[in-house]
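Student: I'd like to ask you about the structure that follows.
The values are calculated or read from the model by the stated rules, or taken from the named source; none is laboratory data. Worth saying up front: this structure is predicted, and the values here are computed from it rather than measured. With ideal geometry, Cβ positions are generated from the backbone for all residues, glycine too; neighbour counts draw on all protein chains shown. Just the protein is used for accessible areas: all its heavy atoms, side chains included, with ligands, DNA and RNA removed. Shrake-Rupley method; radii C 1.70, N 1.55, O 1.52, S 1.80 Å.
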Amino acid sequence: MQFKTGPCVPAHVDAFVQCEDHTGSVSWSSSDGAQMYTALATSSNGDTHQCVTNDTLCTWNDLQCGERYIVTVMATDANCSSLPSNSSTLYMAPCAPVNVTNTVDCSTGVVLVIWDHSHGAASYTVSAQGSGGYASTCNTTGTSCQFSDLLCGMTYDITLSAQSVDQTCSSQLSSPISIDTVPCEPQNASAQLNCTTHGALVSWEAGDGSDNYLVQAVGDDGHQVGCNSSSSSCSLPSMHCGQSYNVTVTVLDGVCDSVHSEFTLQSAACAPGNIQTNLQCDQGTATVSWQQSSGDNLYLVVGEAASGHRATCNSSATSCDLQELQCGQTYNVSVYSMDSACSSMESSVTQVHTAPCSPTNVSGHLDCVTNAAWVSWQEARGAHGYTVIAVGEDRHNSSCTTTDSTTCSVPDLGCSGRYTFHVIATHHHCTSPPSPAIQMETAPCNLSSIVAFHECHADHIEVVWESSDIDHLYAATAEASDYTLLSCNSTSSSCNLTQVRCGMHYTIVVTASSDTCTSLRSPPYRISTAPCAPVNISAERLCESDGLFVSWSPSPVAQSYQLTATAGDGDVRSCNTSQSNCTLTDLHCGQAYSLALSASHENCSSQPSPPVTFSTVPCPPESLSLAVECGNSSAVLSWGASTGAVSYTGCAQAENSSMLYCHSSEESCLMEGLECGTTYNFTVQASDGQCNSSFSEPLTDGLVPCAPEGLQVHLRSMIDDRQVLRASWSAVDCPDAQYLLEISGSLLGDPQMLFEFSSYWTIRSFFEIPVPCSSTYNVAVKARSSAGMSPASAAVTGATAPCPPLTVKYTGSNVSAVVSWNASVFATKYSVYDVSGSVPVEICNTTDLSCTVNGVNSEGITVTASSNIGESNPVSVTHAEILQRRRRSLHSDLPAPELTVTKVGTDSVRVEWTPVPGASHYTLRVREPLTARPLRPEVMSVYGESSGVTNLKPATTYCFSVSAVMDSLASTLYSEPACATTSASI
């Protein structure tokens with residue numbers, strides 16, 4: 001008999017991949033007896049690809065990218081097949097990477113490329129090809145790669161390929177994506193001040209990848225200006241004078257707006273303030289002083305008169321002299337501050353009035369009636385008044401003064417004398433040199449003296465003289481100081497001059513009816529009437545001294561004036577002066593004062609002037625308060641209103657920092673630019689548009705941190721009936737901030753058993769603290785800085801895992817026993833473990849309060865309570881009752897209680913049941929039968945025959961049943977369930 005054996009197993013099996021066309025092949029040596037061959041390629045997920053051939057080479061073109069195939073070959077003849085050959089592994093080229101994305105880090109310029117893992121890939125090559133021909137590559141075994149060497153301001157195309165495990169094949173390139181790198185930083189940024197507008201032209205060299213620019217300038221005082229440009233320059237608007245501005249040129253590309261260039265710019269100098277002048281009348285020189293403006297500057301002083309005459313001086317100090325000023329001129333004096341770039345705006349203008357010029361063309365004649373000399377002259381430039389001085393040969397002198405005329409009558413000249421006259425012009429505190437002198441002789445003396453009488457407010461003057469023995473008709477003539485005449489006639493030794501007016505000096509002469517200057521006449525007699533009430537009263541407030549400068553037109557004949565100022569709060573101030581002005585200082589702020597003025601001469605006073613009312617400077621604001629606006633570096637500063645104030649200026653000053661300001665016409669303003677954690681002295685100054693009050697009492701306060709956000713709580717394992725609570729939160733944006741974690745709650749669900757504790761202050765943004773088991777808790781965190789403490793964060797509430805069950809009882813024997821325990825608050829199930837071995841084994845899991853165990857003694861039992869939060873520590877058997885003779889029934893023969901529902905609410909139900917004799921307590925079971933996924937029933941121990949079940953869901957059906965537990969741990973069967981549906985919430 002002959003038979004033919006099956007073909008031999010193919011040998012020299014070699015599998016290989018054609019990477020270019022993504023096909024796989026296998027070759028082998030021919031097998032004796034083989035007619036056909038079957039090659040199988042099996043993937044890692046079990047897919048099989050078959051190739052049948054009579055050749056010793058097979059090729060698959062349907063293999064999946066990234067797969068590893070196990071290849072075997074079998075030889076076949078007409079009847080038999082050989083065993084499979086030894087396997088050979090075929091690694092296909094990885095799949096092309098997909099979901100390629102990129103991000104740009106604007107601060108570092110690093111480009112991060114991320115993709116999904118390619119099946120079968122062991123490594124990746126990422127290529128970045130720049131628009132300018134620059135390229136870079138990155139190799140990695142992960143699914144991300146960083147480029148840190150890409151040029152700024154360019155567009156790159158990103159492609160990548162994956163390499164197989166055996167590094168023989170690479171995948172196809174991924175679809176290219178484009179990315180724009182960060183724009184290039186502006187170079188050589190500079191600024192040119194515009195001295196006219198006090199702005200500046202900022203220019204720079206633009207970098208690649210930048211189309212728009214934002215220029216911002218922030219001064220030392222917090223003032224901000226800015227401009228936008230799509231070119232390489234833009235103009236900043238007017239800046240505050242005397243400030244150093246930090247200028248930033250930022251590139252805006254819509255993605256990375258943080259690339260910028262910075263430099264410092266000094267704005268134009270401020271105009272000098274507090275301009276003061278001091279005139280040296282006799283030298284024609286004025287010393288000008290001022291308050292120094294910021295910086296080391298040169299100052300130019302310009303004095304210009306209406307005539308066009310101009311005087312200048314300059315100095316690097318704070319004063320200089322204007323010289324060779326012309327007489328009788330009013331110079332407008334201004335001071336300019338100049339630095340290397342610009343001059344400041346003009347300071348406030350101060351006027352200097354030089355000494356008047358000397359009067360000219362002086363002439364005169366005698367008044368025979370009054371024995372006075374009339375002197376006239378040509379008006380002198382710059383004069384506000386004139387004084388005529390007459391000096392006799394016997395050194396007797398007299399004078400007269402006028403402010404509104406170029407003629408003046410010099411009174412009280414002695415008879416039969418020669419007088420020399422000259423005129424002096426006056427203006428403020430300066431007088432001119434004397435005019436050229438003239439001389440005149442007075443009339444001879446003759447008649448005996450006369451006497452005149454006048455009562456203070458009478459309208460007549462009585463004139464009395466010694467009459468001669470000759471029966472003459474005598475005429476009494478009185479010339480007033482305004483040159484009007486009064487007269488009366490009498491043949492006796494007296495007569496009355498009527499229609500006398502107030503405020504007049506009268507010169508009275510008695511003559512015979514035929515007298516002339518050289519004839520018989522009396523010497524002149526002078527008498528004054530009571531002064532008239534002062535007029536043209538004006539009041540000018542003195543802001544710095546809280547005072548008032550009051551002036552009025554001089555009342556003729558007045559020797560002194562009495563000014564009385566009465567405030568609404570009862571304050572009374574008075575001033576006695578011989579001048580036509582008076583200064584009151586330290587008046588009560590915020591008051592309306594009424595002014596009364598009277599003039600006096602010898603024993604007579606005028607009628608009071610009409611009252612004048614004025615208001616003093618506002619009082620400093622009071623009742624300052626600060627309302628912090630968390631998170632935006634600002635606060636609302638408020639205060640009480642000041643009487644008469646129309647605007648307010650708030651100030652905030654911190655140690656070693658610049659003053660911050662805010663302005664408002666209301667009783668509050670927004671103070672911006674505050675730093676968190678910094679304490680400031682806040683003050684407020686009121687203004688009525690002319691004068692500023694003194695600053696208020698400072699309010700010391702600061703910007704406290706915001707309440708921390710992002711509070712998260714995680715519970716860790718239970719240790720010694722305490723569960724470690726780890727709290728973490730986001731750090732607040734405030735320097736040197738510290739945090740305090742506060743926890744409060746209740747123990748065992750009892751609202752009467754409360755606890756509260758906290759961490760210590762820490763700089764960390766997390767804290768761990770143990771919390772008792774079966775507790776509810778509320779967790780919040782506060783932050784503090786040197787300026788104060790933040791409000792508490794939003795609270796996180798929760799509960800810890802249940803405490804271990806209490807009073808674990810073991811009733812029975814090693815063969816079979818009942819383990820029971822008391823309910824643990826918040827427990828939803830209980831587990832019984834056999835711990836007699838090296839590893840605890842769970843032998844019972846129940847929602848009830850007992851469990852039957854077999855083959856375990858009491859020493860090998862532990863019980864735990866669990867909830868969805870965690871599991872308690874295990875507790876061992878505390879009471880053991882070993883029954884060796886017979887097994888006791890766990891169920892009592894007594895009937896189960898009968899349960900009824902007595903009250904139903906939105907989230908609570910109250911139930912009652914019939915008592916069972918001998919029951920120590922009851923076990924109440926609550927189920928929610930209508931859920932799609934039945935939950936474990938909630939079981940609770942109740943002492944008594946009723947219970948309220950709370951924390952139920954609205955509009956939900958619950959079923960309740962109850963079992964009685966005896967002292968022997970036996971229990972009745974559960975009652976028939978009674979179901980009820982809670983009310984729907986409104």
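Student: Sort out for me the Cα centre separation of the range 491-507 from the range 730-755, rounded to whole Å.
Tutor: 100
Student: Tell me, Kirkwood radius of the range 820-864 from alpha-carbon pair distances, in Å?
Tutor: 11.0
Student: Hey, what do the phi angles of the range 350-360 turn into as Karplus ³J(HN,Hα) couplings, whole Hz, using 6.51/-1.76/1.60 and θ = phi - 60°, x for Gly and Pro?
Tutor: Calculated HN-Hα couplings, in order: 10, 9, 10, 9, 6, 4, x, 6, 6, x, 10 Hz.
Student: For LYS953, go through the lysines and keep the ones whose alpha-carbon is under 16 Å away, minus same-chain ones fewer than eight residues off.
Tutor: LYS903
Student: When the accessible area of the range 771-825 is computed with all protein chains present and a 1.4 Å probe, what percentage of it is carbon and sulfur?
Tutor: 59
Student: Give me the 1.4 Å probe accessible area per residue for the chain, excluding ligands and nucleic acids, in Å².
Tutor: Value returned for the chain: 51 Å² of accessible area per residue.
Student: Using the alpha-carbon centroid of each, what span in Å lies between the range 802-853 and the range 258-286?
Tutor: Using only Cα atoms to place each centre, the spacing works out to 92 Å.
Student: Let me ask you something else. With +1 assigned to the C-beta of every Lys and Arg and -1 to the C-beta of every Asp and Glu, and no other charges, what is the dipole magnitude of the range 41-191 about the Cα centre in debye, to the nearest 20?
Tutor: Approximately 100 debye in magnitude.
Student: May I pose another question? Within the range 40-140, report the chymotrypsin sites (Phe, Trp or Tyr not before Pro) that DSSP leaves as loop and that have at most 16 other Cβ atoms within 10 Å.
Tutor: Sites meeting the loop and neighbour criteria: TYR134.
Student: Answer with one residue from SER658, ASN274, CYS368: the one whose Cα lies farthest towards the positive end of the charge dipole of the chain, charges on Cβ with Lys, Arg +1 and Asp, Glu -1.
Tutor: Checking the options against the dipole of the chain, the answer is SER658.
Student: How big is the Kirkwood radius of the range 269-327, worked out from every pair of different alpha carbons and given in Å to one decimal?
Tutor: Every distinct Cα pair counted, the radius reaches 12.1 Å.
Student: Sticking with this structure for a sec: For the range 724-820, run through the chymotrypsin sites (Phe, Trp or Tyr not before Pro) and keep only the ones in DSSP coil with at most 11 other Cβ atoms within 10 Å of their Cβ.
Tutor: Passing both the DSSP loop test and the Cβ count: TYR760.
Student: Another question, then. In whole percent, how big is the carbon plus sulfur part of the accessible area of the range 392-437, probe 1.4 Å, protein atoms only?
Tutor: Whole-percent figure for carbon plus sulfur exposure: 48.
Student: Now for a different question. Set Lys and Arg Cβ to +1 and Asp and Glu Cβ to -1, take the dipole of the range 745-831 about its Cα centre, and tell me which of ALA827, LEU754, THR807 lies farthest positive.
Tutor: Of the listed residues, the answer is ALA827.
Student: Further question: By a straight-distance test (C-alpha under 25 Å), which lysines pair with LYS809 as possible cross-link partners, with residues fewer than eight away in the same chain excluded?
Tutor: LYS829
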